[in-house]
1. Any idea how many residues of region 29-75 are of a type in the set (G, A, S), assigned to a helix (DSSP H, G or I) and more than 25 Å from the chain's Cα centre (by Cα)?
2. Which number in (1) surrounded by 17 or more Cβ atoms within 10 Å (Cβ to Cβ); (2) on the phi > 0 side of the Ramachandran plot marks the one condition that L117 misses?
3. Quick test for you: out of A188, A167, pick the one residue that is surrounded by 10 or more Cβ atoms within 10 Å (Cβ to Cβ), at pLDDT 90 or above and touching a helix residue (DSSP H, G or I) at 6+ places or on another chain (Cβ under 6 Å).
4. If V104 satisfies every condition in (1) without any contact (Cβ under 8 Å) to a residue 60 or more places away in the chain; (2) among the β-branched types (V, I, T); (3) in contact with a Cys (Cβ under 8 Å, 6 or more places away or on another chain) but one, which is the exception?
5. For A165, all conditions in the list (1) under 28 Å from A101 (Cβ atoms); (2) aliphatic (A, V, I, L, M); (3) free of Cβ contacts under 8 Å to residues at least 40 places away in the same chain; (4) touching a Pro at 6+ places or on another chain (Cβ under 9 Å) hold save one; what is the number of the exception?
6. Any idea which residue in region 10-50 is nearest to W75 (Cα to Cα), counting only those that are of a type in the set (A, V, I, L, M) and surrounded by 11 or more Cβ atoms within 10 Å (Cβ to Cβ)?
7. Only one of (1) among the aliphatic types (A, V, I, L, M); (2) over 19 Å from the mean Cα position of the chain (by Cα); (3) under 16 Å from V209 (Cβ atoms) is not met by L180, so which one is it?
8. Of all residues in region 128-146, which are surrounded by 10 or more Cβ atoms within 10 Å (Cβ to Cβ), over 18 Å from K107 (Cβ atoms) and of a type in the set (D, E, K, R)?
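The values are calculated or read from the model by the stated rules, or taken from the named source; none is laboratory data. Since the structure is predicted, the reported quantities are computational estimates derived from the model, not experimental observations. Here the Cβ positions follow ideal geometry from the backbone for every residue, glycine too, while neighbour counts run over all protein chains shown.
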Amino acid sequence: MAAVEHKLAAVGAEIQAKPKVDPAVLMRLATDLPSVWNATGTDARARQRLVRLLIEEVVVDIDAETNQFILLIHWIGGRHTEIRLARRKTGRFPPSRALTAPDVLRKLAGHWPDRELAVTLNRMRCRTEDGETWTTVRVAELRDRLAIPPYDPDAEVPKPLSVDAAAKRLGVCVASVHKLIRSQTLPATQIMYSAPWKIPVDALETEAVRIALQEIAVRRPRQALDKIADRSMTLPGF
């Protein structure tokens, strides 16, 4: 009982020591959302709470003619705002760079396993002779017909990493790795357009990549960081 009374006294003293909220300052902040949103002490969790306080719902629709997303924001006060965002054009390989499946295999076979080759062919919208999508088995059959040797994982020294492997090593998502490549923070090369990226192993240890990873960690929501901490928790004796 004495220990609990001591804790209650400490909490009461802490509450009394905190500065009181000035209603006038609080009302000024309510009309100046950018200052609150961009303040150095406003983290991802605080921004999420602000969004929940201000927005009732967001209805998303697609305008196929203009290839745009239509976002209708329903604010808590009853007003509505319409925002249009351009859709990213994916799966559209440039016609000027279109190649046949044998041409792609002659360039990429030996550098990547059949599974990666199948993904690349499907991304380039190449089809088999009967109009089907590519699988690992179909790639292997075509490679055998063209007398192209299979991929040897021990042939390349040092062995480069794919985007998926780099994401696992860095502890980020694949989209973050693509963003690092686009910003030229992470060096990577492609044998041809739309082919898998080849990332040197040493490139993951550069100072630029380390700083970029810290910036990614700062932008992560608190819930995601908590999940990472839970997954990385170690138990004694294991």
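1. Selection size over region 29-75: 2.
2. It is condition (2) that L117 fails.
3. Details: A188 fails: at pLDDT 90 or above.
Criteria check complete, one pass: A167.
4. Condition not satisfied by V104: (1).
5. Failed condition: (4).
6. Start the filter on region 10-50 by keeping residues that are of a type in the set (A, V, I, L, M), which leaves 10-11, 13, 15, 17, 21, 24-27, 29-30, 33, 36, 39, 44, 46, 50.
With the extra rule that they be surrounded by 11 or more Cβ atoms within 10 Å (Cβ to Cβ), the set shrinks to 29, 33, 36, 39, 44, 46, 50.
Details: L29: 18, L33: 14, V36: 18, A39: 23, A44: 20, A46: 18, L50: 12 Å.
Looking at the filtered set, the residue picked out is L50.
7. (2)
8. Answer for region 128-146, where residues must be surrounded by 10 or more Cβ atoms within 10 Å (Cβ to Cβ), over 18 Å from K107 (Cβ atoms) and of a type in the set (D, E, K, R): just E141.
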